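One structure is given here, and the rest of the page talks about it.
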Amino acid sequence: MEVVQKTYICCYSKTFKMKELLKRSITGALYVFLLLAAVFLGNDTFNDAFNFLFLVFGLTCLYEFKRIIKLRGYHIFLAFLVLWWLLFHLLNEKLDDQVLAWSLLAPTLAVNIFLIFDLFSKKERVFNAPAKFVISLLYLGAGCIFLTLIPYQGNSFAKFLIFGIFILMWVNDSFAYLVGKSFGKTKLFERISPKKTIEGFIGGFAFSLVAAYFLYKYTDVLPLIHWLILATVTVILGSIGDLIESKFKRKAGVKDSGAILPGHGGLLDRLDSLVFAAPFIYLTLQLFNYVS
């Protein structure tokens, strides 16, 4: 009887894992399809589909984050929509939006750098309501805005640029997981994320550099050195962004930011790396343009 019971439990466990893997695969495929459809089916000058998708993503991430940090009220959504309208109204009208973009970039980078220092601090910091509002608006709201601004280079929408950045992040995430699971022994940041390893980080970084080479080889968007720099910025800052979100979740005592993506958790869990890295990527691209 005991053998039968153990066999039943083993079969049930395997079936459950298969169902979870199938659910994760379907959700992941739909998520990737939605992103790529918004990138490649839109206009080459002003991509309304891409802009609208990340407006919705931004609102969703803010909703999930405000629940994690217990930010009351809905004024954060209004502030985000006002910022969004200002930037993209000017962009759509083909006016000079650089002053406004740089005015938003400076405080966004300041907040993100503060969050990096807070990540490595062992002191437990308690944020009051105004601090929570500013962090939410700049870390997440402005992060989504800069992620959306990245492909707007000159007077065109650079589809393969934003596609390449998605590829760099997905390659890093996938191979960091695979290498870490297979060879990981040394903890990267055990206090915040016990499963992440240094070996996984190095593996994800190395394969992202390989991906950067192929993006250079098969697209004519950027020279090789620029792709390699972008890969470095994306991987390092994206990994830090993932750890920062993990710290907020750990302090709140939650595993996922939400449950909107079956098998994956919340939308913020999927976008935390990109959203945090986006202002730094945007700055890097502006420096490329300046140097050129």
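The values are calculated or read from the model by the stated rules, or taken from the named source; none is laboratory data. Computed from a predicted structure; not experimentally measured. In this analysis, Cβ positions are derived from the backbone assuming ideal geometry, glycine residues included, and neighbour counts consider all displayed protein chains.
Taking the conditions exactly as written (crowded, with 16+ Cβ neighbours inside 10 Å and more than 30 Å from Val254 (Cα to Cα)), does Lys159 satisfy them or not?
Working: crowded, with 16+ Cβ neighbours inside 10 Å: yes; more than 30 Å from Val254 (Cα to Cα): yes.
Considered against the rule, which asks whether it is crowded, with 16+ Cβ neighbours inside 10 Å and more than 30 Å from Val254 (Cα to Cα), Lys159 comes out as yes.
List, please: which pairs have Cβ atoms under 7 Å, are six or more places apart or on different chains, and start with a residue in the range 212-231 that is closer than 14 Å to Leu287 by Cα and modelled with pLDDT of 95 or more and end with one that is of a type in the set (S, T, N, Q) and surrounded by 14 or more Cβ atoms within 10 Å (Cβ to Cβ)?
Sorted first by the residue in the range 212-231, then by its partner, the pairs are Ile229/Thr284; Leu230/Thr284.
Among the helices (runs of 4 or more DSSP H) lying completely within the range 134-230, list those that include at least 3 residues that are more than 16 Å from the chain's Cα centre (by Cα) and of a type outside the set (Lys, Arg).
159-183, 198-218
Can you tell which of Leu87, Leu81 is more than 19 Å from the chain's Cα centre (by Cα), surrounded by 14 or more Cβ atoms within 10 Å (Cβ to Cβ), part of a helix (DSSP H, G or I) and modelled with pLDDT of 90 or more?
Leu81
Restricting to the range 128-146, name every residue that is of a type outside the set (A, V, I, L, M, F, W, C) and more than 12 Å from Cys61 (Cα to Cα).
Listed by number, the residues that qualify are Asn128, Pro130, Lys132.
Regarding the range 115-131, can at least one residue be identified that is aliphatic (A, V, I, L, M), closer than 24 Å to Tyr216 by Cβ and not in a helix (DSSP H, G or I)?
No, the range 115-131 has no match at all.
Just to be sure, is Gly141 over 20 Å from Leu224 (Cβ atoms), in contact with a helix residue (DSSP H, G or I) (Cβ under 8 Å, 6 or more places away or on another chain), of a type in the set (Gly, Ala, Ser) and in contact (Cβ under 8 Å) with a residue 24 or more places away in the chain? Even if it seems obvious, please write down each step before you answer.
Values: over 20 Å from Leu224 (Cβ atoms): yes; in contact with a helix residue (DSSP H, G or I) (Cβ under 8 Å, 6 or more places away or on another chain): yes; of a type in the set (Gly, Ala, Ser): yes; in contact (Cβ under 8 Å) with a residue 24 or more places away in the chain: yes.
So Gly141 passes the test.
Could you please give the count of residues in the range 179-188 that are surrounded by fewer than 19 Cβ atoms within 10 Å (Cβ to Cβ) and not β-branched (Val, Ile, Thr)?
5
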